[in-house]
1. Search the range 11-35 for residues being charged (D, E, K, R) and under 14 Å from the mean Cα position of the chain (by Cα), and hand back the single one that is farthest from Asn73 (Cα to Cα).
2. Take the residues in the range 37-52 that are free of Cβ contacts under 8 Å to residues at least 40 places away in the same chain and farther than 16 Å from Thr93 by Cβ; name whichever of them is surrounded by the most Cβ atoms within 10 Å (Cβ to Cβ).
3. Return a yes/no flag: does the range 61-71 have any residue that is on the phi > 0 side of the Ramachandran plot and in contact (Cβ under 8 Å) with a residue 40 or more places away in the chain.
4. Give the number of residues within the range 81-103 that are within 20 Å of Ser33 (Cα to Cα) and either touching a Cys at 6+ places or on another chain (Cβ under 9 Å) or of a type outside the set (Asp, Glu) (or both).
5. With respect to the numbered conditions (1) touching a residue at least 60 places away in the same chain (Cβ under 8 Å); (2) under 11 Å from the mean Cα position of the chain (by Cα), which one is the sole condition not fulfilled by Gly99?
6. Of everything in the range 6-36, what is among the polar types (S, T, N, Q), assigned to a strand (DSSP E or B) and surrounded by fewer than 20 Cβ atoms within 10 Å (Cβ to Cβ)? Give them in sequence order.
Amino acid sequence: MPEELALTSEIVARLAPLVSIGGKSGDTVVGLSAVRRVRQLAYIFVGANVAENTWTELVRRRSKATRVLRVPNAADLTAGLGRHDASIIAIKTGPLAKGIAGRLTESTSSS
């Protein structure tokens, strides 16, 4: 797995509130089946515990418009949604994705 595709727990903690907001607005997609059905995704966050074949499938979705990022513990992102069992979370393209991009940029520039 390329290093730039892995996020730290600290970065995930900064993103979690935005992911929760997306749960209320419908911009957060939870679970592999749901992610497979949505085409316009800006981010796909994948827990470290997913099977290698699933990781490979999701990485193939990577493009200029979609970033696929590994997170140490997906439950850190999904707890605010009441979903401690999900290992795959995605963010639809739009304003929420722009907010996440800003937090990712802040996190990488402060490291």
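1. Step one: of the range 11-35, the residues charged (D, E, K, R) are 14, 24, 27.
Checking the rest, the ones that are also under 14 Å from the mean Cα position of the chain (by Cα) come to 14, 27.
On the way: Arg14: 14, Asp27: 20 Å.
Here the answer is Asp27.
2. Going through the range 37-52, the residues free of Cβ contacts under 8 Å to residues at least 40 places away in the same chain turn out to be 37, 39, 48-52.
Next, only the ones that are farther than 16 Å from Thr93 by Cβ stay: 48-52.
Numbers: Ala48: 13, Asn49: 11, Val50: 17, Ala51: 9, Glu52: 8.
The qualifying residue surrounded by the most Cβ atoms within 10 Å (Cβ to Cβ) is Val50.
3. Residues of the range 61-71 on the phi > 0 side of the Ramachandran plot: none.
No.
4. The first filter runs over the range 81-103 and keeps only residues within 20 Å of Ser33 (Cα to Cα), leaving 81-93.
Next cut, either touching a Cys at 6+ places or on another chain (Cβ under 9 Å) or of a type outside the set (Asp, Glu) (or both) only: 81-84, 86-93.
Adding up the residues that qualify gives 12.
5. (2)
6. Looking only at the range 6-36, we keep the residues that are among the polar types (S, T, N, Q), and these are 8-9, 20, 25, 28, 33.
Narrowing further to those that are assigned to a strand (DSSP E or B): 28.
If the condition is that a residue be among the polar types (S, T, N, Q), assigned to a strand (DSSP E or B) and surrounded by fewer than 20 Cβ atoms within 10 Å (Cβ to Cβ), then no residue fits.
Residue by residue, here is whether (1) outside any helix (DSSP H, G or I); (2) surrounded by 17 or more Cβ atoms within 10 Å (Cβ to Cβ) holds:
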residue: Thr54; (1), (2): no, no
residue: Arg62; (1), (2): yes, no
residue: Leu69; (1), (2): yes, yes
residue: Asp76; (1), (2): no, yes
residue: His84; (1), (2): yes, no
residue: Ile91; (1), (2): yes, yes
residue: Ala97; (1), (2): no, yes
residue: Ile100; (1), (2): no, yes
residue: Ser107; (1), (2): no, yes
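Values quoted throughout were computed directly from the atomic coordinates according to the rules given, and no laboratory measurement underlies them. Not measured: the values here are computed from a predicted model. Note that we place each Cβ from the backbone using ideal geometry, even for glycine, and neighbour counts take in every protein chain shown.
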